[in-house]
Ligand SMILES: CC(C)(COP(=O)(O)OP(=O)(O)OC[C@H]1O[C@@H](n2cnc3c(N)ncnc32)[C@H](O)[C@@H]1OP(=O)(O)O)[C@@H](O)C(=O)NCCC(=O)NCCS
């Protein structure tokens, strides 16, 4: 495969650079941790390596050094379509080079060969209780495929260290190939008649999701799928899902174990599930006003009410971003073009004007701007995918592109078992030189 050949050359180059840096500057301190950061999930501490993507607090997500609006423009697209092939994005994330159309199609064709889901996985999904959350089904289905792992099979037979990335690439292509079909199977089992379709080999990876849920006629939805999967593909490796995957993989657990773990993290309301929660919240507003848009004053009151109940405004705020998320903007542009008259989209727009100043006034959240989840569900809902507990699965399909790209590189660079040290509270106290005497602490002091 041309992609593997290209990747091999890049890997050699980067591997040598890392070894050289370690040899000559191994003792240089890259980052320090304050007590505040220690108790705040290590926010802002430079601890992890990823060349695949980077989140700039004021400029948003970059894939391979390029802001996503540029990535959207520069990647090859299917004829007559607005958004690019996911196969081209994958080649780009892996190699850092903008792919040609042939490069993109190579990945797309490889995915087509590997897209079929074994029957036993479908049976597992069908036997799960109908109340099971689609993210549980997704994580379970990925785990059920683990027996296919080339990494695991080869490791038992004495896999050479320098070949780890090659079998990780094989596993990654195998799993990502199946991701849209897995998601569609869950969709059809949970909300439809349970019939499983075969992929359409004339369609690309993203559009095939539309085909598999019987929306092949909807060209606008196919393009939305391309956009949706692209903007959700990666976000650095410090976020919960990517970090979970990298951590698990550092124990040489294969891509299937790692991605299943990632999906369990993505399922959390502070992470990927925010898209489900956001749409639920928006619909609650519309229903509360008998299906009509509230006035500005009414909406402000509703937002304050949500905050006063101790809830977060879903889709707003971010652990890193201090600006409007460019992934929000890319989807917002799609909305302006195709669903400007939709009440829900207009509500998204109103919320966009109203929430940031309110969060600023409340003074708690450091990031007050919309993130990717503030709008993604609205676009899906408009296009007829109305089952909003399913939206995080779609996030997961896209996110597996970035996660697996990171895993391939982590194995290529032979990053070791991740093992930060934990310390006791007494040890923490002993390092606080000026306030280490807690005996005088006011017993009535409650934070
Ligand atoms: C994304 C998120 C988890 C980041 O968390 P974080 O890094 O801890 O954020 P901050 O440091 O800005 O949070 C500080 C405070 O502001 C609050 N805050 C942050 N975002 C908020 C929001 N959207 N609505 C209300 N309050 C919010 C936090 O709950 C926290 O309050 P606390 O001190 O009482 O616990 C947070 O902004 C959030 O929960 N957003 C809503 C869920 C969401 O959209 N998630 C998807 C992220 S891509």
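The numbers here are math on the coordinates, done by the rules we state, and not lab data. All values reported here derive from a predicted model rather than from experimental measurement. Here Cβ is always computed from backbone atoms with ideal geometry, including for glycine, and neighbour counts include all displayed protein chains.
Cβ-to-Cβ counts within 10 Å put 68, 124 in ascending order as 124, 68, the fewest first. Need the full-extension length gain, residue 322 to residue 113, defined as separation in residues times 0.36 nm minus the C-alpha distance. One decimal, nm. Going from the current span to full extension adds 71.1 nm.
Estimated purely from DSSP H runs of n ≥ 4, each contributing -39500 (n - 2.57), the mean residue ellipticity at 222 nm for the chain is -18000 deg cm²/dmol once divided by its residues. Answer rounded, prolate or oblate for the chain, using the Cα gyration tensor with square roots of eigenvalues a ≥ b ≥ c: rounded when a/c is under 1.5, else prolate when a/b is larger than b/c, else oblate. Cα axes put the chain in the oblate bin. In this simple spin-label model, placing a label point 7 Å from the Cα along the Cα-to-Cβ direction at both residue 343 and residue 126 gives a separation of 3.9 nm.
When 19, 327, 160 are arranged by Cβ crowding within 10 Å, least crowded first, meaning fewest neighbours, the order is 160, 19, 327. Taking 0.36 nm per residue of sequence separation and removing the Cα-Cα distance, the residue 12/residue 311 pair yields an extension gain of 102.8 nm. Per-residue Cβ neighbour counts within 10 Å put 108, 8, 216 in the sequence 8, 216, 108, beginning with the fewest. Given R0 = 56 Å, the distance between the Cβ atoms of residue 202 and residue 433 translates into a calculated FRET efficiency of 0.25. Distance between the C-alpha centres of region 17-81 and region 395-418: 13 Å, rounded to the whole angstrom. Stretched out straight at 0.36 nm per residue, the stretch from residue 423 to residue 389 would grow longer than its current Cα-Cα span by 8.4 nm. If R0 is taken as 41 Å, the Cβ-Cβ distance between residue 101 and residue 264 corresponds to a FRET efficiency of 0.65.
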